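Where a number appears in this text, it was derived from the coordinates with a stated rule and is not lab data. Here the structure is a predicted model, which means the values were calculated and not measured. FYI the Cβ positions are ideal-geometry reconstructions off the backbone, even for glycines, and counts take in every protein chain you see.
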Amino acid sequence: MVMVDISNKRRALLKVIVLGDSGVGKTSLMNQYVYKKFNQQYKATIGADFVTKELLLDDKLVTLQIWDTAGQERFQSLGSAFYRGADCCVMVYDVNVHRSYETLNNWYQEFLKQANPVNPQAFPFILFGNKIDVDGGSSRVVSEKKARDWCSSKGDIPYFETSAKENYGIDEAFQCVAESALASEYEHNIYFQGISETVSEVEQRSGCAC
């Protein structure tokens, strides 16, 4: 086992917002990623909650603060304070429920409205198509092509197919989330702090290769 000295590592707290209809598996995805656990019993999230996970990216200790939101319409407008400061937005739909795909535009617009990012066109969104394991894929109603077409229409958003139950595609997807959020944090700092970072520090950042 390789021991990594993190005492002198630069640290970052990255805020990730997870949006999508109720029942698409947002909480299950987060619990599988952070705790490697899956609970078959569904319990709706009320309001919002978050989990954290630490990882090392670009020689920097990163803490992902992943916010889980309730998908019910009455909880959609949680207030701008909830969305502000986000470094990445993950949208989740259920590949077996067409309505959860149809409402992606609503979630996308809601985030932009509430978060009000400095550069909306450059802000990192990532889409998860979840529950690909259901009935061996025979219950699927939203094709991968359809999902990727939607991502293309929004500026080539990265897309991942996942299964919280089978722990499929989750680590890769959240790795992209972390890298995108870290790149977003760099841009945020550069915009507001000007020359606070050296050129060499800025050049070290790597984008999400997905």
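Pulled fully out, how much extra length does the chain show between A122 and D59, if you take 0.36 nm times their separation in residues and subtract their Cα-Cα distance?
Numbers: separation 63, 0.36 × 63 = 22.68 nm, distance 2.40 nm.
Result for the pair: 20.3 nm of gain on full extension.
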Quiz prompt | Under 5 Å, built H, 5+ apart or other chain: amide partners of F50 | solution = D68
Quiz item: Net charge near M30, counting Lys/Arg +1 and Asp/Glu -1 over other residues with Cβ under 10 Å of its Cβ?
Solution: 0
Practice problem: Rounded to the nearest 0.05, what FRET efficiency do H98 and S152 give with R0 = 22 Å and r taken as the Cβ-Cβ distance? Could you check? | Solution: 0.70
Quiz prompt | Across K37/K131; K15/K36; K36/K165; K26/K165; K15/K37; K37/K165, pairs whose alpha-carbon gap is larger than 18 Å | solution = K15/K36; K15/K37
